[in-house]
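The values are calculated or read from the model by the stated rules, or taken from the named source; none is laboratory data. Note that the structure is a prediction, hence the values are computed from the model and not measured. When we count neighbours, we look across all protein chains shown, and the Cβ atoms used for this are built from the backbone with ideal geometry, even at glycine. Heavy atoms of the whole protein, side chains included, go into the accessibility calculation; ligands, DNA and RNA do not. Shrake-Rupley method; radii C 1.70, N 1.55, O 1.52, S 1.80 Å.
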Amino acid sequence: MNKFKEIVEANRAWLCLDCGKCSSVCSITLNLIEGYTSPRLLVETAVASGEDITLEDPLLWSCLTCQRCSEICPSEVNFSAFVQGARQLAFDQGLSGSCTHSGMIQGWMRMMADPDLEQDRLGWLPDDLAVDQDSDTIYFPGCLPYYDAAFGELGFEGLAIARGAVKILNALGIKPRILENERCCGHDLYWQGDMETFQKLAALNLEIIQATGAKRIVTTCPECAYTLRTTYPEEIGDLGVEIYHLSEFLADQPLLKTSEKSSGLESGKVTYQDPCRLGRFSGVYQQPRDLIASLGYELVEMDHARSTSICCGTSCWSSCGQVNKEIQISRLEEASSTGAGLLVTSCLKCQIHLKCAQKIPGGGDSSQMPIRDLTTLVAERI
Amino acid sequence: MSKVKTRQKVILFTCSWHAYSSLEAVARERISCSTAVVPIRLSCLGRISPGIILKAFEGGAAGVLLLGCPEGQCRYQTGNLEARKVVEETRSLLLLLGYDENRLEYQLLPAENGEKYLEVLNQFLERVQNGRKKS
């Protein structure tokens, strides 16, 4: 059987009922400026017309792989995985989506696949934070040092998230180990279909992490957490350690002693953006909400929250255009209309993408809404 | 990317104006230059972006040199200043990746000055040779 048919079958694409539920929730379909595309249509193309036409379809590259369609699909078609599989085939044929930011991010990710690389990535660690290179708990900041360098101008919190995470772990009595030469987890290259580089990165991380003998990894990036926990075992091998997003990890720990310091918000109301890889992909909805409540904030939910949450509008640094900006602006408006004074998320990319959209002129109140990572919000209260 | 080899190329991005006219002056006078240098002519140095510079290193470049017009003399007013920002941002990424900072450089060149071009180029090549990848 050819590879494309395998991908169609493995992801149940041929069981599509043509019911159109996916089209009614797909952020790309709903915000299209011209033409028409939808998950249903791409699946139909795949089944009826085959590989060549499918790999040329615009949705193959614009799909956010946010999993919103699969969440609602009555036939359990795994559309995101189907898209990923088809992108692998396309990538092998030299096709790819358009990279954002001139390919800078894919550039550093691919450069990290060099086994001889000796990064200098720990300069962000101040002396007052305690780390222990023999610890059985690793803090995995992912590409945060790089994003900090690239997106500081947006007002992105960047390495404050990493420092906050170490401060929180220290408050729990944990001095984490931080790897001097960890690589990008490979999430974005995997979802773009670049399996060769993904596997190189994953193999390097596997070797580096297993050599530490650590028992657990805590990360502040939902994409790192999902990739290390779920994609690595499927594609390269089990790391043999427990993987946690910080919000999950804190849920299992004794309650942090947080100060009564004023939230600085007039209403004390905040709203929360569920990251796709933490929410729909990992089922972590409640833990971040409990943390927000523990800080004394009142959480006011957006209309689309938890499993119906809307993606921040761009994924794997690919195909960002007018449609994506429409998604981001409407999401910001939805956040603003809750009456909350602060938008909290637990994914660095949600923060980067939404802050980028706030720079678009004429955004109104929603473009002024502060956006914070849950990590820094907790850390400032310790 | 494999380890840096002795015959690795140096990528030279120039604008089409002052800097490029200095390259042409060298060519006109038939002065020999290092064959390791690959010049890439842009309409203005403002066209450069971090992704393009990283692409050169990803492809195995030993160094990347950017040459633009002197300050206040950019044909498009601000291209050389934009390029300086891009270089600073890219350098911070390269430092994280463990690359020697001497492997990326930004210089402004007067027009029709082959001598200055050769001086800048040769000094850069020397620094790249001395400051190869740390590993």
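Numbers at a glance
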| item | result |
| --- | --- |
| Whole-angstrom gap from the range B:23-102 to the range A:66-95, using each part's C-alpha centre | 39 |
| Exposed GluC sites (Glu not before Pro) absent: longest stretch of chain A, with sites in DSSP loops and at most 15 other Cβ within 10 Å deemed exposed | A:302-382 |
| Relative contact order [Cα under 8 Å, 6+ residues apart], the range A:1-85, whole percent | 38 |
| Sulfur and carbon atoms: percent of accessible area, the range B:10-129 [1.4 Å] | 47 |
| Average accessible surface area per residue within the range A:269-379, 1.4 Å rolling probe, Å² | 31 |
| Per residue accessible area in Å² of chain B, where ligands, DNA and RNA are left out and the probe is 1.4 Å | 49 |
| Anisotropy class of the protein assembly as shown from Cα gyration tensor, a/c 1.5 cut | prolate |
| A:Asp252 accessible area, 1.4 Å probe, all protein chains in place, Å² to nearest 10 | 110 |
| Chain A: most fluctuating residue of A:Gly321, A:Gly240, A:Gly94 per GNM, C-alpha cutoff 10 Å | A:Gly94 |
| Computed FRET value (nearest 0.05) for A:Asp92 with A:Glu333, which takes r as the C-beta separation and R₀ as 56 Å | 0.90 |
| Fluctuation leader among A:Gly186, A:Gly364, A:Gly35 - chain A, Gaussian network, Cα springs under 10 angstrom | A:Gly35 |
| Carbon + sulfur, % of accessible area of the range A:35-125 - ligands and nucleic acids excluded, 1.4 Å | 47 |
| Members of the range A:111-134 that become less accessible by 20 Å² or more once partner protein chains are added (1.4 angstrom probe, chain alone as reference) | A:Met111, A:Asp114, A:Asp116, A:Leu117, A:Glu118, A:Asp120 |
| Rounded to 5, the percent of DSSP beta bridges in the protein assembly as shown classed as antiparallel | 5 |
| Gyration tensor verdict on the range A:3-92 (Cα atoms; rounded if a/c is under 1.5, prolate if a/b is larger than b/c, oblate otherwise) | oblate |
| Calculated FRET efficiency for the pair A:Asn181/A:Asp238, C-beta based, R₀ 25 Å, to 0.05 | 0.75 |
| In nm, spacing of pseudo-spin labels at A:Lys5 and A:Tyr285 (7 Å Cα→C-beta vector) | 3.9 |
| Which of A:Leu154, A:Leu17, B:Leu95 is most accessible, then next, and so on - probe 1.4 Å | A:Leu17, B:Leu95, A:Leu154 |
| 10 Å Cβ neighbours from other chains, averaged over peptide A:148-160 | 2 |
| 1.4 Å probe, heavy atoms, protein only - residues of the range A:75-110 losing at least 40 Å² accessible area vs chain alone | A:Ser102, A:Met104, A:Arg110 |
| Buried on assembly, the range B:59-99 (at least 40 Å² less accessible surface than by itself, 1.4 Å probe) | B:Glu89, B:Leu93, B:Leu96, B:Leu97 |
| Modelled label reach - B:Arg75, point 7 Å along Cα→Cβ, the range B:21-46 residues with backbone N closer than 15 Å | B:21-25, B:40-46 |
| Environment charge of A:Val131, counting only residues whose C-beta is closer than 12 Å and scoring Lys/Arg +1, Asp/Glu -1 | -1 |
| Percent carbon-and-sulfur accessible area, the range A:305-382, ignoring ligands, DNA and RNA, probe 1.4 Å | 52 |
| Cα-based shape type of the range B:31-131, given that a ≥ b ≥ c are square roots of the gyration tensor eigenvalues and the cut on a/c is 1.5 | oblate |
| Among A:Tyr146, A:Tyr36, A:Tyr226: highest mean-square fluctuation, GNM of chain A, C-alpha pairs under 10 Å | A:Tyr36 |
| Sites B:Glu112 and B:Thr35, calculated FRET efficiency, Cβ-Cβ separation with R0 30 Å, nearest 0.05 | 0.80 |
| Estimated inter-spin distance, A:Thr230 and A:Glu44, nm [label 7 Å along Cα→Cβ] | 2.8 |
| Nitroxide proxy distance, nm - points 7 Å out along Cα→Cβ at A:Leu255 and A:Arg306 | 2.3 |
| A:Asp274, A:Asp92, reordered so the largest accessible area comes first (probe 1.4 Å) | A:Asp92, A:Asp274 |
| Listed residues B:Ser21, A:Ser98 arranged by accessible area, highest first, probe 1.4 Å | A:Ser98, B:Ser21 |
| Angle in degrees between helix B:114-130 and the longest Cα principal axis of chain B, rounded to the nearest 10 | 10 |
| Buried area at the B-A interface (accessible, heavy atoms, 1.4 Å probe, summed, Å²) | 1700 |
| Pairs from A:Lys175/A:Lys355; A:Lys200/A:Lys359; A:Lys200/A:Lys349; A:Lys175/A:Lys359; A:Lys175/A:Lys257; A:Lys3/A:Lys215 whose Cα-Cα separation, in the structure shown, is over 28 Å | A:Lys175/A:Lys355; A:Lys200/A:Lys359; A:Lys175/A:Lys359; A:Lys3/A:Lys215 |
| Local electrostatic count, A:Arg289, Cβ distance below 13 Å [Lys/Arg +1, Asp/Glu -1] | -4 |
| Helix-only mean residue ellipticity at 222 nm for chain A, each DSSP H run of n ≥ 4 adding -39500 (n - 2.57), per residue, nearest 500 | -12000 deg cm²/dmol |
| Kirkwood-type radius of the range A:27-158, with distances r between different C-alpha atoms, in Å | 18.5 |
| Under 18 Å from the A:Asp120 label point (7 Å along Cα→beta-carbon), backbone N, the range B:18-56 | B:54 |
